[in-house]
Number of protein chains: 2
Amino acid sequence: MAHNREGREGAQPILIVGSVAFDSVETPHGRAEMALGGSASYAGIAASYFAEPRLVGIVGDDFGEHHLRRLSEHGVDVRGIERAAGKTFHWRGRYHENMKDRDTLETSLNVFEHFDPTIPEVYRRTPYVLLGNIDPKLQFSVLDQAREPQFVAMDTMNFWINTSRDALLEVLKRIDLLFINDEEAMQLADQWSIVAAAEMLLRMGPKFVVIKRGEHGAVLFGPQLTLFVPAVLLPRVVDPTGAGDTFAGAFMGQLSRSGALDRAALGSALTWGTVMASFTVEAFSVDGISGLGADTIAERRKQLVEMVRY
Amino acid sequence: MAHNREGREGAQPILIVGSVAFDSVETPHGRAEMALGGSASYAGIAASYFAEPRLVGIVGDDFGEHHLRRLSEHGVDVRGIERAAGKTFHWRGRYHENMKDRDTLETSLNVFEHFDPTIPEVYRRTPYVLLGNIDPKLQFSVLDQAREPQFVAMDTMNFWINTSRDALLEVLKRIDLLFINDEEAMQLADQWSIVAAAEMLLRMGPKFVVIKRGEHGAVLFGPQLTLFVPAVLLPRVVDPTGAGDTFAGAFMGQLSRSGALDRAALGSALTWGTVMASFTVEAFSVDGISGLGADTIAERRKQLVEMVRY
């Protein structure tokens, strides 16, 4: 029985395609070994507080049932997680003292290397779609399988901008919203400011661009619309891994729950995304966003919104 | 005749002590040679849109009358600017492509080296005091000369934290508000987050701490109060020099104009400070904030505030 379904009234389900992985992370505040990670895991659990997430991903035969159960207990539909022979995607990294820069010590794609997402028949008419940060060719394939999605968002990163720019530009034409961080936005748009980058990106296809700036918040650009939300100010960050995926998952969850695309709906989605991401970075793996009470989340959002009420 | 006095109704004057200098600046967008600069010049002109600034500083015999006239035309009282034999303080620097990092190519203190601020008798009862970014010993001396100031703010920087920490801590005990940037706040408080740094700094004396984060906005911390204002999103920055001084000057001007210290007054001061700083960085020297119309400023503030209305 999911412990967070009460917040989902009126929400449409969300199809989330991305990685399901084991992360081994070392930060100045500690370490985690082979802990549940991956963009789909973070986005799925984050979205689960607002809407029903339907995950599509791939894991190896070393992926314990308790991990799937952890997702299910959050009301995440895991029927689209394929199990393949071999090992689960494993990433190992170490964060610097500033908690921003990090060194990748190991990336073992394992079964993820041959991931070719098949959307289960029961998922194909899901109205909201979140394409996690994966190969643009796979994102394209997901869109070919989806039937009349109502709202499609995607996330991406510098690796795909550098290696698959053309494919990425093709996906951009088919989506409603792009999540991207500030440096990558400027890189993709070949611009020196986020305003100029956002204007350029909006001409490439999406109706909305959300530029993520980590501890400095996020900005949404759309038609005659610019919305800014600061990050939650935290005295201590334990592990930043998954913050962006959490943000995207919660943002899409709230957008689905509101069912609208106006200033109020988009602003609200930004704040809930920001709040959920703040819980993620306070702990390793998905621990920070597991089993949160509705009151705890709402209280933090109240604090966030009060910072900009003057 | 000042062209901006209409916005000053109800405002008390502000004593501003700082540098008056010539800046020679090179950025990727151009260069300025021997242009009017210095913390008191920026803060003075910025404050002049909200209240009467009374400047205390020192210039050399090479400082043309037209520079003083430029300040006077903004309704800045320049009777406290001392003229000494020798050359005016000159700073020469070059900004990197990112417009944040900069190299100092020359710092000729000249007459500023022996600056020992004397507050003119007619200035001594000024209710609002802004201690610009100068030697803490001089800031201390100014406070000894001021009579019953109502509200005192100071700005500082890493140079003074490194070389005059003890004197700086003594000034902190006597002020109401500290302006400081994020890295310097963490350095002064010996903390790794701005929240922890602000908590520590509030215990050192000031009732309020405003942490400046450049293009990422500013955060005000006070008793049971945290306020955040994003920076104005600009497609193009020409020269960031003086942004912090402009912010402090306009912040203090608006605070004086409102005459209050509650959430609304402080939030409003943050937004006007941010807006004026955005004009400064769009041009070299004080050109961006010279002769601005009230409508131009108000329109930009409206855009800023709308970014956080959701």
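The values are calculated or read from the model by the stated rules, or taken from the named source; none is laboratory data. In this text the structure is predicted, and so the values were computed from the model without any measurement. As a convention, Cβ positions derive from the backbone with ideal geometry for all residues, glycine included, and neighbour counts pool all protein chains shown. Note: accessible area is taken over every heavy atom of the protein model, side chains too, but ligands, DNA and RNA are not part of it. Shrake-Rupley method; radii C 1.70, N 1.55, O 1.52, S 1.80 Å.
Looking at B:ALA21, B:ALA47, B:ALA85, B:ALA35, which one is within 20 Å of B:ARG125 (Cβ to Cβ) and of a type in the set (Gly, Ala, Ser)? Don't jump to the end; show me each part of the working.
On the way: B:ALA21 fails: within 20 Å of B:ARG125 (Cβ to Cβ); B:ALA85 fails: within 20 Å of B:ARG125 (Cβ to Cβ); B:ALA35 fails: within 20 Å of B:ARG125 (Cβ to Cβ).
The match here is B:ALA47.
Residues that are assigned to a helix (DSSP H, G or I) and either touching a residue at least 24 places away in the same chain (Cβ under 8 Å) or aliphatic (A, V, I, L, M) (or both) within the stretch A:137-155 comprise A:LYS137, A:LEU138, A:GLN139, A:PHE140, A:SER141, A:VAL142, A:LEU143, A:GLN145, listed in sequence order.
All of A:ASP190, A:ASP155, A:ASP176 fail the test of being over 20 Å from the mean Cα position of the chain (by Cα) and of a type in the set (Asp, Glu), apart from A:ASP190.
Checking each residue in the stretch B:94-124 for being over 15 Å from B:VAL17 (Cβ atoms) and acidic (Asp, Glu) picks out B:GLU97, B:ASP101, B:ASP103, B:GLU106, B:GLU113, B:GLU121.
Based on what the data block shows, is B:ALA198 among the aliphatic types (A, V, I, L, M), more than 28 Å from A:THR226 (Cα to Cα) and buried (at least 22 other Cβ atoms within 10 Å of the Cβ)? Yes, satisfied. Please verify whether the stretch B:142-155 includes one or more residues that are farther than 26 Å from B:GLN254 by Cβ and modelled with pLDDT of 95 or more. Yes - at least one qualifying residue is present in the stretch B:142-155.
Within 14 Å of another protein chain (Cβ to nearest Cβ) and either open to solvent by less than 30 Å² (accessible area, probe 1.4 Å) or in contact with a Lys or Arg (Cβ under 9 Å, 6 or more places away or on another chain) (or both): is that true of A:TYR42 in this structure? Criteria not met by A:TYR42.
Filter the stretch B:197-210 down to the residues that are under 19 Å from A:GLY217 (Cβ atoms) and either within 10 Å of another protein chain (Cβ to nearest Cβ) or over 17 Å from the mean Cα position of the chain (by Cα) (or both) and list them by number. Show your work before the answer.
Residues of the stretch B:197-210 under 19 Å from A:GLY217 (Cβ atoms): B:197-198, B:210.
Answer for the stretch B:197-210, where residues must be under 19 Å from A:GLY217 (Cβ atoms) and either within 10 Å of another protein chain (Cβ to nearest Cβ) or over 17 Å from the mean Cα position of the chain (by Cα) (or both): B:ALA197, B:ALA198.
How about the stretch B:102-117: which of its residues are open to solvent by less than 90 Å² (accessible area, probe 1.4 Å) and in a loop (DSSP other than H, G, I, E, B)? Working first, answer last.
Keep residues of the stretch B:102-117 that are open to solvent by less than 90 Å² (accessible area, probe 1.4 Å), which gives B:103-112, B:115, B:117.
Within the stretch B:102-117, B:LEU109, B:PHE115, B:PRO117 qualify.
Looking across the stretch A:216-266 at every residue that is open to solvent by 40 Å² or more (accessible area, probe 1.4 Å) and more than 10 Å from chain B (Cβ to nearest Cβ), the one that is nearest to A:GLY44 (Cα to Cα) is identified as A:ARG257.
Filter the stretch B:74-101 down to the residues that are surrounded by 19 or more Cβ atoms within 10 Å (Cβ to Cβ) and either basic (Lys, Arg) or assigned to a strand (DSSP E or B) (or both) and list them by number.
The answer is B:ASP77, B:VAL78, B:GLY80, B:ILE81, B:HIS90, B:TRP91, B:TYR95.
Taken over the stretch B:156-192, the criterion of being open to solvent by 60 Å² or more (accessible area, probe 1.4 Å), touching a residue at least 24 places away in the same chain (Cβ under 8 Å) and within 14 Å of chain A (Cβ to nearest Cβ) is satisfied by B:GLU183, B:GLN187.
The residue that is surrounded by the most Cβ atoms within 10 Å (Cβ to Cβ), counting only those in the stretch A:60-73 that are in a loop (DSSP other than H, G, I, E, B) and of a type in the set (Gly, Ala, Ser), is A:GLY60. Could you say whether any residue in the stretch B:272-283 is open to solvent by 10 Å² or more (accessible area, probe 1.4 Å), of a type in the set (D, E, K, R) and more than 23 Å from A:ARG213 (Cα to Cα)? Scanning the stretch B:272-283 turns up no residue that is open to solvent by 10 Å² or more (accessible area, probe 1.4 Å), of a type in the set (D, E, K, R) and more than 23 Å from A:ARG213 (Cα to Cα). Scan A:ARG147, A:ARG213 and give me the residue that is under 21 Å from A:PRO53 (Cβ atoms) and either out of contact with any strand residue (DSSP E or B) (no Cβ under 9 Å at 6 or more places or on another chain) or open to solvent by less than 40 Å² (accessible area, probe 1.4 Å) (or both). So the residue among A:ARG147, A:ARG213 that is under 21 Å from A:PRO53 (Cβ atoms) and either out of contact with any strand residue (DSSP E or B) (no Cβ under 9 Å at 6 or more places or on another chain) or open to solvent by less than 40 Å² (accessible area, probe 1.4 Å) (or both) is A:ARG147.
The single residue among A:ILE134, A:ILE45 that is part of a helix (DSSP H, G or I) and within 17 Å of the chain's Cα centre (by Cα) turns out to be A:ILE45. From A:ALA294, A:ALA298, A:ALA269, A:ALA277, which residue is closer than 28 Å to B:ASP182 by Cβ and more than 14 Å from every other protein chain (Cβ to nearest Cβ)? Checking each option against the conditions leaves just A:ALA277.
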